[in-house]
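K.L.:
Below you will find the structure I want to go over with you.
Since every read-out is calculated from the coordinates, none of them should be taken as a lab result. The shown structure was predicted, so the numbers you read here are calculated from the model rather than taken from an experiment. In this analysis, Cβ positions are derived from the backbone assuming ideal geometry, glycine residues included, and neighbour counts consider all displayed protein chains.
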Amino acid sequence: MITPDRALQILRDEGCSEKVIAHCIAVSRHATEIAEVMVTSGKHLNVELVTIGGLLHDLGRCRSHGIDHAVIGADIAMELGLDPLIVNIIKKHIGAGITIEEAKELGLPEDDYVPFTFEEKIVAHADNLTSGDTRINMVQLVEKMRKRNFTEKSMERVISLAQEIGIY
């Protein structure tokens with residue numbers, strides 16, 4: 001596993017803006033806190049993976065700010081030889097995931113982008129609850145999603161993920 005300093009260096013080396021890096025740091029902190037609470041309550045998960053995944057989740061924003069940034073970031077992470085567990089966090093962090101059918105509609109490579117592991121889910125959820133480098137709550141998140149015309153199905157998945165994680 002790489003260190004947090006190495007993860008931040010990767011973001012800088014790949015050309016992420018300081019604004020994106022500040023967001024990644026905020027998401028990583030929140031995700032790590034969530035993971036630590038879950039471990040304390042008896043869940044078995046890799047907190048270090050959550051921390052690094054949180055830092056690198058928006059790696060693809062060095063090249064795109066569209067929905068494809070997750071695919072781009074996962075590709076960069078693979079090219080860098082990063083752990084496949086980190087690659088999957090990057091790939092599956094958008095909202096509460098994107099199904100194969102939705103990926104086709106969005107013009108993404110045909111794949112399942114729905115978070116599966118606790119680590120993937122935690123980073124996705126912490127990202128949902130972070131706007132810039134500021135934490136938001138579920139009410140603010142749902143309002144933000146409505147303004148951006150997210151589908152009801154997407155919003156339901158985000159709310160279901162929040163309920164599963166247990167942090168609102």
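K.L.:
Sorted by packing (mean other beta-carbon atoms within 10 Å per residue), highest first, where do 21-29, 130-138 land? Write down the numbers at each step before the final one.
P.N.:
Numbers: 21-29: 20.4, 130-138: 14.0.
Those peptides, ordered most packed to least, come out 21-29, 130-138.
K.L.:
Also, quick follow-up: Can you give the relative contact order of the chain as a percent, counting alpha carbon pairs under 8 Å and 6+ residues apart?
P.N.:
Numbers: 245 pairs, mean separation 37.0, N = 168.
Normalised by residue count, the contact order of the chain is 22 percent.
K.L.:
Based on the alpha-carbon set only, what is the convex hull volume of the range 4-165 divided per residue, in Å³?
P.N.:
Hull volume normalised by residue count: 104 Å³.
K.L.:
Right, another one. Quick one: Cα centre-to-centre distance for the range 71-147 and the range 1-54, in angstrom?
P.N.:
14 Å
K.L.:
Okay, moving on. Taking Rh as the Kirkwood radius, which is the inverse of the mean 1/r over Cα pairs, what is the Rg/Rh value for the range 109-162?
P.N.:
Values: Rg = 11.6 Å, Rh = 11.9 Å.
Checking Rg against Rh, the ratio lands at 0.97.
K.L.:
Something else about it: Tell me which DSSP H helices of the chain clear both cut-offs, 18 Å or more of axial length from alpha-carbon atoms and a mean Kyte-Doolittle hydropathy of at least 0.5.
P.N.:
Values: long enough: 18-40 (33 Å, 0.63); 152-165 (20 Å, -0.24).
The answer, listed by residue number, is 18-40.
K.L.:
Below 19 Å, Cα to Cα, which lysines can LYS121 reach? Residues fewer than 8 away in the same chain don't count.
P.N.:
Result set, ordered by chain and number: LYS43, LYS91, LYS92, LYS153.
K.L.:
Which of rounded, prolate, oblate describes the range 6-70, given a ≥ b ≥ c as roots of the alpha-carbon gyration tensor eigenvalues and a/c under 1.5 marking rounded, otherwise prolate only if a/b is larger than b/c?
P.N.:
Details: a/c = 2.68, a/b = 2.27, b/c = 1.18.
Since a/c reaches 1.5 and a/b is larger than b/c, the shape of the range 6-70 is classed as prolate.
K.L.:
Could you give the length gained by full extension between GLU152 and HIS44, i.e. 0.36 nm per residue of separation minus their alpha carbon distance, to one decimal place? Mind dumping the intermediate values first?
P.N.:
Working: separation 108, 0.36 × 108 = 38.88 nm, distance 3.15 nm.
So the extension gain works out to 35.7 nm.
K.L.:
So, one more: Once you have the Cα-Cα distance between HIS65 and ASP111, take 0.36 nm times their residue separation minus that, and quote the gain in nm to one decimal.
P.N.:
14.6 nm
K.L.:
Under the 0.36 nm per residue contour assumption, what length would be gained going from the current alpha-carbon distance of ASP5 and GLN140 to full extension? Before the final figure, lay out each step's value.
P.N.:
Details: separation 135, 0.36 × 135 = 48.60 nm, distance 3.13 nm.
45.5 nm is the gain from fully extending ASP5 to GLN140.
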